[in-house]
Amino acid sequence: MFPYFIMLIFCGIPLFFMELSFGQFASQGCLGVWRISPMFKGVGYGMMVVSTYIGIYYNVVICIAFYYFFSSMSHVLPWAYCNNPWNTPECIGVLDATNHTNGSQPATLPSNLSHTHQRTSPSEEYWRLYVLKLSDDIGNFGEVRLPLLGCLGVSWVVVFLCLIRGVKSSGKVVYFTATFPYVVLTILFIRGVSLEGAFTGIMYYLTPQWDKILEAKVWGDAASQIFYSLGCAWGGLITMASYNKFHNNCYRDSVIISITNCATSVYAGFVIFSILGFMANHLGVDVSRVADHGPGLAFVAYPEALTLLPISPVWSLLFFFMLILLGLGTQFCLLETLVTAIVDEVGNEWILQKKTYVTLGVAVAGFLLGIPLTSQAGIYWLLLMDNYAASFSLVIISCIMCVSIMYIYGHRNYFQDIQMMLGFPPPLFFQICWRFVSPAIIFFILIFTVIQYRPITYNHYQYPGWAVAIGFLMALSSVICIPLYALFQLCRTDGDTLLQRLKNATKPSRDWGPALLEHRTGRYAPIIPPSPEDGLEVQPLHPDKAQLPMVGSNSSSHLQDSRI
C-alpha cells in the first residue's frame, strides 16, 4: 500500500492530468494528438496495440463473470459442495452435507480440515474442472468451452449496443455502470464487517510487511496497478478527454478522479478481506491461506467465502453483477479508443457516417480473437497476455510520452497551452513531476523490474520457454511501434541532412493546436493574408491549401460530438 500511494502521488495523478490535458487541448484521439511531434506518433500506435490486447482478454474476464452470474441463479450455489460429478476425493467443503437442502448456514467442519495441506475447495474444483476444464499445458487447447463462448458473445453484444452511438450512448450508460458498483460495495461491506473474524482479515490487509519494501517487484506491481487502475498509457484517457469542452477544468477532474478511483480500490480491499477474514475464522486457518490473487481471488476464494453467508446466491449475484459493471466500464473505454483512432486517422466523411459499422467491425474482431481464450488452455493465454502484453510496455510508453512532450515539444510551450486552455498554468508540483520525477521513477522501476524478473507461473504450472517468448513478443509489439514509426517519419520528411530531417520530423505540424477556430488564439491565431486591395500578392498559408485549416481533417468526429 505504501508504494501504491507513492506511485499515485508522483506518477498516477501527474500522468492522468497530462493525458487529459493533451487530448482535451487538441480534441484528438491517441493518434491525432501526435501532430504535436509527428515523429512520436508511434507512441499512439503503441497505445492502440496495448488497448487491443487488453480489450481482447478483458472481455473474456467479463464473460466469465457473466457465467458465474448466470450460475448464481439457483437455490444452491454449484460451488458450495463436493458432491458434484466433477469433484475429486481431495475436495473438502466448508459446509456440512446436512445443510444441502438450504445451502446457506455454515456447519461443523470436518475434523481433519485444519490439518489438511492438500485441501481442494469445491469452488476451486468448480473453477478448474468444470468452468475451464483446464488442460495440462498452454499448448493443449482442447475444446472450446461453449458456455464461455456464449457468454463471450453476450459480453461483446452488450459492449457494442452501449457504444452504438459512440460517446453519446456510452456516456449515458456509465452513469449506471460507474455508480451502482458503489451501492453493491457498500452492501457487501456492511455485511462483511458484521461477520465474525472480519477484523482479522482487515488487519491482515492493512498490516505492512516492511521486509518487502526494497523488492522491486512490489514497486513494479504498485506501478502496474496504478497504470491499470487509472488507465494511463492505454490511450483511453486521451480519447475520452478529446470530447471535452475546450475550457473544461481537466486539472480538477484529474485530481478528483484519481483520488476517488484509488480510494475506491482501498475501500474494495476492506470489502474483500472482511469476508476472507470471516472465511479464515470459519476454517480455523490464517488469512494468508485463503487469500489469493488474480482470477483465484475473484472466481475461487471470494465465491467460496460467499457460500458461508445466508441466502448466498443473492450475495453471489450482487458480487458478479458488480464485476460485470466494472468490467464493462473499462471495455467501453478500450473499444472507443480503437474506434476513435481508426475514424480520426481515416478522417473522410464516409467513415464518419459509418462509425457504427467501424464499432461493429472492431467488436466482431475482438470476439473472434477472444475465442482461443475460451478453450481449455484459455486461462494460460489470458494470464500470459495480462502479464506481458500490457505490463512494462505501459511504463515505457508513458516515459517516452513525458519526454517527447516536455523536452521535444518543450515544457514552456506545453505549459502555455494549458494556460490558454484552463486560464492558469499547471501547478509547480505537476511541472516538476512531468519534467523530472515521473520519468525518473518510471525508468528506475523498469530497470529494477528487469533485474528481478521471474518467469510467469500459474499455480504450480511453469510456462514453457516458447510461451514466455511469445509473451515478450507481445510486449515488444507495442513498444516497437515507436522506433519503427520514427524511422518511417524520418524517411518521408524533407531535409538535406539527417539533422534537418530530425528537426522537421519533431516540430509540430501546421494543424497542431485547438480544433475550433474560436479557440485558436495567441500563437495559434490564423494569420490574415493581405487583400488584393492592398496592392500585394495574396499567398496561400500552406503550399497545398489556400487557407490555414481551422481543424485537422480528421477531427470532425470530435467537433460533431462537442457541438451537439
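Quick look at the numbers
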| read-out | value |
| --- | --- |
| Residue check for TYR414: without any contact (Cβ under 8 Å) to a residue 40 or more places away in the chain and open to solvent by less than 20 Å² (accessible area, probe 1.4 Å) | yes |
| Residue check, VAL154 at pLDDT 95 or above, β-branched (Val, Ile, Thr), open to solvent by 40 Å² or more (accessible area, probe 1.4 Å) and touching a strand residue (DSSP E or B) at 6+ places or on another chain (Cβ under 8 Å) | no |
| Any hit, the range 431-441, residues being open to solvent by less than 30 Å² (accessible area, probe 1.4 Å), assigned to a helix (DSSP H, G or I) and at pLDDT below 95 | yes |
| Hits in the range 204-220 (condition: of a type outside the set (Val, Ile, Thr) and either touching a Ser or Thr at 6+ places or on another chain (Cβ under 6 Å) or touching a residue at least 24 places away in the same chain (Cβ under 8 Å) (or both)) | TYR204, TYR205, LEU206, PRO208, GLU215, ALA216, LYS217, TRP219, GLY220 |
| Some residue of the range 388-405 being in contact with an Asp or Glu (Cβ under 9 Å, 6 or more places away or on another chain) and not hydroxyl-bearing (Ser, Thr, Tyr) | yes |
| Failed condition for HIS293, given (1) free of Cβ contacts under 8 Å to residues at least 40 places away in the same chain; (2) open to solvent by less than 10 Å² (accessible area, probe 1.4 Å) | (2) |
| Flag for SER404 being more than 21 Å from the chain's Cα centre (by Cα), within 22 Å of ILE226 (Cβ to Cβ) and of a type outside the set (Phe, Trp, Tyr) | yes |
| In the range 430-443, the residues that are free of Cβ contacts under 8 Å to residues at least 12 places away in the same chain and among the aromatic types (Phe, Trp, Tyr) | PHE436 |
| Complete set of residues in the range 105-136 that are open to solvent by 50 Å² or more (accessible area, probe 1.4 Å), touching a Gly at 6+ places or on another chain (Cβ under 9 Å) and modelled with pLDDT of 85 or more | GLU124, LYS133 |
| Residue satisfying all of: in the range 14-55; open to solvent by 20 Å² or more (accessible area, probe 1.4 Å) and out of contact with any Cys (no Cβ under 8 Å at 6 or more places or on another chain); nearest to GLY378 (Cα to Cα) among these | TYR53 |
| Residue identified as over 25 Å from GLY46 (Cα atoms), in contact (Cβ under 8 Å) with a residue 40 or more places away in the chain and in a helix (DSSP H, G or I) among MET421, MET401, MET474 | MET421 |
| Pairs, first of a type in the set (Val, Ile, Thr) in the range 346-363, second surrounded by 16 or more Cβ atoms within 10 Å (Cβ to Cβ) and not in a helix (DSSP H, G or I), C-beta under 8 Å, six or more apart | VAL346/ASN554; THR359/LEU163; THR359/GLY166 |
| Residues being part of a helix (DSSP H, G or I) and buried (at least 19 other Cβ atoms within 10 Å of the Cβ) - total across the range 192-231 | 12 |
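The values are calculated or read from the model by the stated rules, or taken from the named source; none is laboratory data. Everything numeric in this text was worked out from a predicted model, so none of it was measured. In this analysis, Cβ positions are derived from the backbone assuming ideal geometry, glycine residues included, and neighbour counts consider all displayed protein chains. Calculation scope for accessible area: heavy atoms of the full protein, side chains included, ligands and nucleic acids excluded. Shrake-Rupley method; radii C 1.70, N 1.55, O 1.52, S 1.80 Å.
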